[in-house]
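Accompanying notes for the structure given below.
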Amino acid sequence: MLNRRKFLALGSALGLAPATLLAGEQDFWVVNRTGFTIDEIQVTPHNSKDWGDDILGKDSLADGEKVEIVFRRKEKAKLWDLRVEDEGGDEYIWYDLDLLAISEVTLFYKKGKATATFK
């Protein structure tokens, strides 16, 4: 079960770090309540043109599981875009997430529509 993960740096666009002591203000949890498995998660600054690498790598995020996304302390971007891809290759995107104000993103899928709640 995938409960908590620290991510290594995956490039300058993501700027993620492995140690809690280096955690940034943008750290947040992704909770999967979609009813399906998420195979990819990508997070990028809103002004970036590239999604970058899949944060989950070879892992996936099953329905009911959650994962922590941890940023480097030096990361300064406020607004971020979140992209997830399900096991069938369908993608769902949320734009302009203020990760300085959001600590958890819970993803849902009902009646053919992906939604999210933020806290």
- Item | Candidate set: the range 2-30, residues that are surrounded by fewer than 19 Cβ atoms within 10 Å (Cβ to Cβ) and not in a loop (DSSP other than H, G, I, E, B); chosen: the one modelled with the lowest pLDDT | Thr20
- All but one of (1) over 16 Å from Phe28 (Cα atoms); (2) in contact (Cβ under 8 Å) with a residue 60 or more places away in the chain; (3) crowded, with 16+ Cβ neighbours inside 10 Å hold for Glu68; which doesn't? (1)
- Residue pairs qualifying under the 8 Å Cβ cut-off, at least six apart or on distinct chains, with the first in the range 53-64 being closer than 15 Å to Gly88 by Cβ and the second being surrounded by 15 or more Cβ atoms within 10 Å (Cβ to Cβ) and basic (Lys, Arg), are Asp63/Arg33
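Within the range 70-92, is there a residue that is of a type in the set (Lys, Arg), at pLDDT 95 or above and on the phi < 0 side of the Ramachandran plot?
yes
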- Picked from the range 110-119 (must be of a type in the set (D, E, K, R) and out of contact with any strand residue (DSSP E or B) (no Cβ under 8 Å at 6 or more places or on another chain)), the residue nearest to Arg83 (Cα to Cα) is Lys113
- Message: Can you tell me which of (1) part of a strand (DSSP E or B); (2) in contact with an Asp or Glu (Cβ under 8 Å, 6 or more places away or on another chain) is the one Thr115 doesn't meet?
- Response: (2)
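The values are calculated or read from the model by the stated rules, or taken from the named source; none is laboratory data. What you see is a predicted model; the values in this text were computed from it and never measured. Cβ coordinates were reconstructed from backbone atoms using ideal geometry, including for glycine residues, and neighbour counts include every protein chain displayed.
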